[in-house]
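Here is the structure we will look at, set down as structure tokens.
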Amino acid sequence: MDTDKNGGYSNSRCPLCVRYVSVVNFLFAMKTVLTTSPDEAAAIIKRGGVVAFPTETVYGLGANIFDEKAVAKIFEAKRRPADNPLIAHISDISKIRTLATEVTENAEKFIQSFFPGPLTIVLAKSDAVPYIATAGLDTIGVRMPRFKLARRFIAACGVPVVAPSANLSGRPSPTTWQAVAEDLDGRIDCILQGDPTEIGLESTVVDCTGGTPLLLRQGAISLTQLQEVVPATKSYVPNSGEQPKSPGLRHKHYSPTAKVVILDDKCEISNLEVRSAYIGVNERGEQFQITRICRSAKEYASAVFEFFRECDRRGIKTIYCETVDETGIGSALMDRLRRAVES
Ligand code: AMP
Ligand code: MG
């Protein structure tokens, strides 16, 4: 018979303990509250809970940034690696001062041009921000979402809300509240139900801590748009052996269970298997089990993660994704497609 270090029964073997634990689990299994009220959702944040909420990019999974136990729940619920930092979401610009030691001149310019919107700026963090939120980094990403419901919710929380995307780690980011429920029902306290997201890809991330702003992650705000505001802005490329500035980009991301294949222009598909799907802006001659033709790269970007999820629900084995021009949102879309292929 198994005994634990203290000479008692180990829970996993003693039949009475097993029964007791499962009854307790059953009685106290977390129920995820669904609400359309930002005030009800904010009350849960104030009690130390975690709440998924809609933004214009993707749904986020939020907690009070100053409550370390609540922030830990985000990592647990998502099964997110502890070295992947979170973004602080604010409802008004003045709150940045509580999060960052300094708002640099370049950061100020980006804030004037793109807040509220799909841009995260990385600044040196203040002592008030716990390291669990930044995955041990001395910097913090800050964003002010454009969705009014997100801002009403954050304002009602009374504190900045730290949030990654509201999916299980590695899965495509959720663009509807139903996709959040698919991954996290029973694992989080609440879902604030809102509209499907508009953009459908995660925010652009730009590091403003040094003299030259560095684009760390592509998003709806393109490098060209950033350069129109600060011409010196560059894409970040880590030197070999250097610790990447955005550790999260190392991790597996955006991947459906199905295999993703990027189709270059006019490329023929050899051996098309029955359970395959296609998304793109141009029609193709082949017969796919699911086909999604989008009117533009913008629509393609907003649809792609939900399309991946739908393909998984329907047992699709291969998803063919058409290449788009790498301008505007097309760059961010191609970045996500390439990551989905890699993983
Ligand atoms: P998610 O919203 O789930 O895509 O996760 C947030 C992502 O933002 C991370 O994976 C990083 O790529 C990026 N990020 C957040 N905070 C920082 C930071 N302090 N420095 C660099 N990148 C960050
Ligand atoms: Mg994410």
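The values are calculated or read from the model by the stated rules, or taken from the named source; none is laboratory data. Keep in mind it's a predicted model, so treat the numbers as computed, not measured. FYI the Cβ positions are ideal-geometry reconstructions off the backbone, even for glycines, and counts take in every protein chain you see. For the accessible areas, the whole protein counts, side chains as well, though only heavy atoms, and no ligand, DNA or RNA atoms are used. Shrake-Rupley method; radii C 1.70, N 1.55, O 1.52, S 1.80 Å.
Go through the range 59-72 and report how many residues are open to solvent by 10 Å² or more (accessible area, probe 1.4 Å) and touching a Leu at 6+ places or on another chain (Cβ under 9 Å). Reasoning before the result, please.
The first filter runs over the range 59-72 and keeps only residues open to solvent by 10 Å² or more (accessible area, probe 1.4 Å), leaving 64, 66-69, 72.
Checking the rest, the ones that are also touching a Leu at 6+ places or on another chain (Cβ under 9 Å) come to none.
Qualifying residue count for the region: 0.
Looking at Val229 and the list (1) more than 13 Å from ligand 1 (Cβ to nearest atom); (2) surrounded by 23 or more Cβ atoms within 10 Å (Cβ to Cβ); (3) over 16 Å from Tyr254 (Cβ atoms), which single condition is not satisfied?
So Val229 meets the others, but not (2).
Tell me yes or no: at least one residue of the range 32-44 is of a type in the set (Val, Ile, Thr) and within 16 Å of ligand 2 (Cβ to nearest atom).
Looking only at the range 32-44, we keep the residues that are of a type in the set (Val, Ile, Thr), and these are 32-33, 35-36, 44.
Next cut, within 16 Å of ligand 2 (Cβ to nearest atom) only: none.
No, the range 32-44 has no match at all.
What number of residues within the range 208-219 are near ligand 1 (Cβ under 10 Å from one of its atoms) and either open to solvent by 10 Å² or more (accessible area, probe 1.4 Å) or without any contact (Cβ under 8 Å) to a residue 24 or more places away in the chain (or both)? Don't jump to the end; show me each part of the working.
Initial filter on the range 208-219 (near ligand 1 (Cβ under 10 Å from one of its atoms)): 209, 214, 216-217, 219.
This time we only want the ones that are either open to solvent by 10 Å² or more (accessible area, probe 1.4 Å) or without any contact (Cβ under 8 Å) to a residue 24 or more places away in the chain (or both), so: 209, 214, 216-217.
Qualifying residue count for the region: 4.
Would you call Ala163 at pLDDT 95 or above and within 11 Å of ligand 1 (Cβ to nearest atom)?
Working: at pLDDT 95 or above: yes; within 11 Å of ligand 1 (Cβ to nearest atom): yes.
Criteria met by Ala163.
Basic (Lys, Arg), under 17 Å from Thr55 (Cβ atoms) and touching a residue at least 24 places away in the same chain (Cβ under 8 Å): which single residue out of Lys95, Lys73, Lys109 fits that description? Talk me through it step by step, then tell me what you get.
On the way: Lys73 fails: under 17 Å from Thr55 (Cβ atoms); Lys109 fails: under 17 Å from Thr55 (Cβ atoms).
The match here is Lys95.
Examine the range 59-69 for a residue that is closer than 17 Å to Ser203 by Cβ, more than 16 Å from ligand 2 (Cβ to nearest atom) and of a type in the set (A, V, I, L, M, F, W, C), and state whether such a residue exists.
At the first step, the residues of the range 59-69 found to be closer than 17 Å to Ser203 by Cβ are 59-62, 65.
In the following step, the residues that additionally are more than 16 Å from ligand 2 (Cβ to nearest atom) were identified as 65.
Filter once more, so that each one left must be of a type in the set (A, V, I, L, M, F, W, C): 65.
Yes, the range 59-69 contains at least one residue that is closer than 17 Å to Ser203 by Cβ, more than 16 Å from ligand 2 (Cβ to nearest atom) and of a type in the set (A, V, I, L, M, F, W, C).
Residue under question is Tyr254, and the condition is that it be surrounded by 12 or more Cβ atoms within 10 Å (Cβ to Cβ), among the hydroxyl-bearing types (Ser, Thr, Tyr) and at positive phi; does it hold?
Numbers: surrounded by 12 or more Cβ atoms within 10 Å (Cβ to Cβ): yes; among the hydroxyl-bearing types (Ser, Thr, Tyr): yes; at positive phi: yes.
Judged against the criteria, Tyr254 is a match.
Could you tell me whether Gly136 is within 16 Å of ligand 1 (Cβ to nearest atom) and under 11 Å from the mean Cα position of the chain (by Cα)? Spell out the reasoning first.
Values: within 16 Å of ligand 1 (Cβ to nearest atom): yes; under 11 Å from the mean Cα position of the chain (by Cα): no.
No: the conditions fail for Gly136.
Listed here are the residues, each with its yes/no results for (1) under 20 Å from Val180 (Cβ atoms); (2) small (Gly, Ala, Ser); (3) within 20 Å of the chain's Cα centre (by Cα); (4) modelled with pLDDT under 90.
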site	(1), (2), (3), (4)
Val24	no, no, no, yes
Thr36	yes, no, no, no
Leu61	yes, no, yes, no
Glu76	yes, no, yes, no
Pro85	no, no, yes, no
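Can you name the residue in the range 273-321 that is among the aliphatic types (A, V, I, L, M) and assigned to a loop (DSSP other than H, G, I, E, B) and, of all such residues, is surrounded by the most Cβ atoms within 10 Å (Cβ to Cβ)?
First pass over the range 273-321, keeping only residues among the aliphatic types (A, V, I, L, M): 274, 277, 279, 281, 290, 293, 297, 301, 303-304, 316, 319.
With assigned to a loop (DSSP other than H, G, I, E, B) added as a condition, the list becomes 274, 281, 316.
On the way: Val274: 10, Val281: 16, Ile316: 23.
Out of the qualifying residues, it is Ile316.
Among the residues of the range 136-185, which ones are more than 17 Å from Tyr254 (Cα to Cα) and acidic (Asp, Glu)?
Asp138, Asp185, listed by residue number.
This table checks each residue for (1) modelled with pLDDT under 95; (2) within 15 Å of ligand 2 (Cβ to nearest atom); (3) outside any loop (DSSP other than H, G, I, E, B).
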{"position": "Ile191", "(1), (2), (3)": "no, no, yes"}
{"position": "Val205", "(1), (2), (3)": "no, yes, yes"}
{"position": "Leu215", "(1), (2), (3)": "no, no, yes"}
{"position": "Leu226", "(1), (2), (3)": "no, no, yes"}
{"position": "Pro231", "(1), (2), (3)": "no, no, no"}
{"position": "Tyr254", "(1), (2), (3)": "yes, yes, no"}
{"position": "Asp265", "(1), (2), (3)": "yes, no, no"}
{"position": "Ile269", "(1), (2), (3)": "yes, no, no"}
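Go through the range 83-180 and tell me which helices (runs of 4 or more DSSP H), entirely inside it, have 3 or more residues that are away from ligand 2 (no atom under 16 Å from the Cβ) and buried (at least 21 other Cβ atoms within 10 Å of the Cβ). Before you say what the answer is, go through the steps one by one.
Working: elements: 96-99, 105-114, 131-134, 148-157.
Output list reads 105-114, 148-157.
Only one of (1) loosely packed, with under 14 Cβ neighbours inside 10 Å; (2) within 28 Å of Val206 (Cα to Cα); (3) among the hydroxyl-bearing types (Ser, Thr, Tyr) fails for Ser270. Which number is that?
Of everything listed in (1) loosely packed, with under 14 Cβ neighbours inside 10 Å; (2) within 28 Å of Val206 (Cα to Cα); (3) among the hydroxyl-bearing types (Ser, Thr, Tyr), Ser270 misses just condition (2).
Residue by residue, here is whether (1) in contact with a Leu (Cβ under 9 Å, 6 or more places away or on another chain); (2) charged (D, E, K, R) holds:
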position	(1), (2)
Ile90	yes, no
Arg97	no, yes
Thr120	yes, no
Gly136	no, no
Ile140	yes, no
Leu149	yes, no
Ile154	no, no
Val159	no, no
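Condition check: farther than 18 Å from Ser331 by Cα and within 13 Å of ligand 1 (Cβ to nearest atom). Does Asp183 satisfy that?
Yes, satisfied.
Can you pull out every residue in the range 190-201 that is open to solvent by 10 Å² or more (accessible area, probe 1.4 Å) and either closer than 24 Å to Thr233 by Cα or aromatic (Phe, Trp, Tyr) (or both)? Reasoning before the result, please.
Within the range 190-201, the first condition is being open to solvent by 10 Å² or more (accessible area, probe 1.4 Å), and the residues that meet it are 193-199.
Selection gives Ile199 alone.
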